[in-house]
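What follows is a short report on a single structure.
The values are calculated or read from the model by the stated rules, or taken from the named source; none is laboratory data. Keep in mind that this is a model prediction, so the values were computed, not measured. We place every Cβ from the backbone using ideal geometry, glycine too, and count neighbours over all the protein chains shown.
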Amino acid sequence: MQHGTEAQFFDGLTAARHRVTVALTPDKHALIITGDSLPEPLHWRLMDIRALSDTADDTRLTVTRHTASDDEAPRDVARLVILDPDLIRWLNSTRPDLFKTETHPGALRKLLFYAAGAIAATALVLLVILPAMADTLARLIPIEREVAFGKAVTRQMERQLRWMGADGDLGCASPKGSAALDKLLTRLTDPQDMAYQIELQVFDHPMVNAFAAPGGQVVILRGLLDKANSPEEVAGVLAHELGHVESRDATRLTLRAAGSAGILTMIIGDFTGGAAIALIGENLLSASYTREAEGAADVFALDMLADAQVDAEGFADFFGTLAEMEPVNLPEYLSSHPVTANRAAQAEAFAETQSDTTPILTDAEWRALQSICD
């Protein structure tokens, strides 16, 4: 046996650190580990030695043995810390399997099985359990709390738009523009017995979109005002969003997104809440409600327009305005509220049944509304 060198040995059963001497056998096929605190010398074959890669550096090398065990990695619980640079270099240069990663036969299959189970469980929670819970919570939350929740979500939505490139305060207001906006909202809501006190805002952003947050918070983006050809088009879109508000669709969607974000936060380890903010904001920007919810919001909008004696032709025209835009530059409202020929035809047919409608805004008020962000 060659001359020994000092090392440290841990048996893996106790916290004791043993000062030992380690040396190569004359045939250089094994390490002999001896020490006063060891009951007997240990014989570790070099072919069985495996390094713990996360503890290796130029001054020390921690090794263990490849052996049968109950762990996923078939390794001995004991470990040896080699401190001799010459021995470390020799082992690195002569033992090709030193850093080999090994697992029990079937371990990969077991890992894939567990991963598939975890994915299935997550999908069950995200797609089945959370939607059901969100529907229940949306019915149980008191309106005053829903309003406070909606205001927080709207502020969060504003931050999301800033992350997408908007600068400064996004809220738009001007004396004449705000008066026109109030007139448009009042004309639509006065004939209704609304469950919410609607708070309507315009954000200075070029996106062609409008969204409803919980608790009667509704936002129209400047891009929608720019693309609309008449105030009746805006009124139709607003009435549709008010339908989502009254049905609490926005509350259900936001609760669902918040729950999904919480789960994703745990999965990806984002404990700062960035995932939650991004996911809820993204869900509101691209609010994809169910086909039933969209259909109910359309019916609500048409009835609201009729009660307010506003021509529903504008609602149908807005679908046409969106459809004429370049497909490669699909407007956000069109992508998040799928427009079908049937929906446009429904609005057109409804408009033909109307009579005694009057303009919702004067030409001057419409110009003031379109320039509210100037």
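Please go through the range 43-69 and pick out each residue that is of a type in the set (D, E, K, R) and modelled with pLDDT of 80 or more.
Residues satisfying the conditions are ARG45, ASP48, ARG50, ARG60, ARG65.
Pull up the range 31-48, narrow it to residues that are under 17 Å from LEU98 (Cα atoms) and surrounded by 19 or more Cβ atoms within 10 Å (Cβ to Cβ), then point me to the one that is nearest to the chain's Cα centre (by Cα).
TRP44
Six or more apart or on different chains, Cβ under 9 Å: which pairs go from a residue in the range 175-193 that's on the phi > 0 side of the Ramachandran plot and assigned by TED's automatic domain parsing to the domain that holds LEU225 to one that's modelled with pLDDT under 95 and of a type in the set (A, V, I, L, M, F, W, C)? Could you list them?
none
Inspect the range 209-223 for any residue being in the same structural domain as LEU188 (by TED's automatic domain parsing), buried (at least 24 other Cβ atoms within 10 Å of the Cβ) and part of a loop (DSSP other than H, G, I, E, B) and give the result as yes or no.
yes
On the given criteria, is GLU40 part of a loop (DSSP other than H, G, I, E, B) and modelled with pLDDT of 90 or more?
Numbers: part of a loop (DSSP other than H, G, I, E, B): yes; modelled with pLDDT of 90 or more: yes.
For GLU40, the condition - part of a loop (DSSP other than H, G, I, E, B) and modelled with pLDDT of 90 or more - is met.
Which residue pairs have Cβ atoms under 9 Å apart, sit 6 or more places apart or on different chains, and have a first residue in the range 56-70 that is farther than 19 Å from VAL20 by Cα and a second that is at pLDDT below 80 and part of a strand (DSSP E or B)?
Note: pairs meeting the criteria are HIS66/ARG75; THR67/ARG75; SER69/ARG75.
Considering only residues of the range 166-179 that are within 34 Å of the chain's Cα centre (by Cα), assigned to a loop (DSSP other than H, G, I, E, B) and of a type in the set (Gly, Ala, Ser), which is surrounded by the most Cβ atoms within 10 Å (Cβ to Cβ)?
ALA166
So, in the range 180-208, how many residues would count as being buried (at least 22 other Cβ atoms within 10 Å of the Cβ) and part of a helix (DSSP H, G or I)?
Total satisfying the criteria: 4.
Any residue that is within 28 Å of CYS172 (Cα to Cα), modelled with pLDDT of 90 or more and in contact with a Cys (Cβ under 6 Å, 6 or more places away or on another chain) - is there at least one of those in the range 359-373?
Within the range 359-373, one or more residues are within 28 Å of CYS172 (Cα to Cα), modelled with pLDDT of 90 or more and in contact with a Cys (Cβ under 6 Å, 6 or more places away or on another chain).
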